[in-house]
Amino acid sequence: MISRTMQDALNAQINLEQYSAQLYLAMSAHCAGKSFKGFAQWLKVQSAEETAHAAKLVTFLLDRGGQLELKPIAAPNDDFGGIIKVFEQTLAHEKTITGRINALFELARAEKDYASEITLQWYVTEQVEEEAHVGEVVDHLHAVGDQGGAIWYLDSKMGKRGKA
Ligand code: OFO
């Protein structure tokens with residue numbers, strides 16, 4: 001049986017993963033509104049991944065006999081600015097999530113909750129990948145800039161995500 005402390009922390013993380021899905025969906029719509037269909041597609045796939053991250057934690061929580069306590073999902077700000085700003089905000093958000101996952105991992109360790117620790121290992125690894133991928137996009141965007149033809153090339157490349 002999972003502890004009340006761990007259950008609360010996992011429920012909070014589930015809400016945060018759902019918020020991430022909501023945030024990336026809003027960013028996707030923002031990019032689509034600027035006709036950047038590729039960046040919009042990439043962010044839509046990212047949003048779906050975040051929903052899957054939440055679902056994976058729900059399954060774990062229930063498997064441990066815990067109680068799912070869903071809370072309202074905060075509405076993201078919809079004024080994201082240019083494409084570079086969108087992806088800088090994505091990277092900043094992922095870094096925040098990494099901090100939260102690390103704190104959860106520490107909690108599991110402190111509680112000697114080995115099952116949570118093992119499950120959270122997947123999220124620790126996932127955050128390394130997420131930060132690396134988004135960091136790469138930010139680097140490419142800084143290299144090409146917000147204006148000019150190269151950003152449309154990048155847009156078409158980004159649009160391949162989830163379509164292979
Ligand atoms: Fe769930 O990894 Fe991004 O936020």
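The values are calculated or read from the model by the stated rules, or taken from the named source; none is laboratory data. In this text, all values refer to a predicted model and were calculated from it rather than measured experimentally. Cβ atoms come from the backbone with ideal geometry, glycine included; neighbour counts cover every protein chain shown. Accessible surface areas use protein heavy atoms only, side chains included; no ligands, DNA or RNA. Shrake-Rupley method; radii C 1.70, N 1.55, O 1.52, S 1.80 Å.
Descriptive notes on the structure:
- Meets criteria (part of a helix (DSSP H, G or I) and either open to solvent by less than 90 Å² (accessible area, probe 1.4 Å) or farther than 22 Å from L16 by Cβ (or both)) for A92: yes
- Pairs with Cβ under 9 Å, 6+ apart, first in the range 106-120 and free of Cβ contacts under 8 Å to residues at least 40 places away in the same chain, second of a type in the set (F, W, Y) and open to solvent by less than 80 Å² (accessible area, probe 1.4 Å): E117/F105; L120/F105
- Set A40, A29, A9, A75: member being open to solvent by 30 Å² or more (accessible area, probe 1.4 Å) and part of a helix (DSSP H, G or I): A29
- Just one residue in the set K112, K85, K160, K95 is of a type in the set (K, R) and within 11 Å of the ligand (Cβ to nearest atom); that residue is K95.
This table checks each residue for (1) open to solvent by less than 50 Å² (accessible area, probe 1.4 Å); (2) under 15 Å from W42 (Cα atoms); (3) among the acidic types (D, E).
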{"residue": "T96", "(1), (2), (3)": "no, no, no"}
{"residue": "I101", "(1), (2), (3)": "yes, no, no"}
{"residue": "F105", "(1), (2), (3)": "yes, no, no"}
{"residue": "V134", "(1), (2), (3)": "yes, yes, no"}
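- Test: residue in the range 145-154 that is under 17 Å from the mean Cα position of the chain (by Cα), more than 20 Å from H30 (Cβ to Cβ) and hydrophobic (A, V, I, L, M, F, W, C): no
- Residue in the range 122-130 that is buried (at least 16 other Cβ atoms within 10 Å of the Cβ) and in contact (Cβ under 8 Å) with a residue 40 or more places away in the chain present: yes
- Filtered residues of the range 50-82 (kept if charged (D, E, K, R), away from the ligand (no atom under 16 Å from the Cβ) and closer than 20 Å to M27 by Cβ): D78, D79
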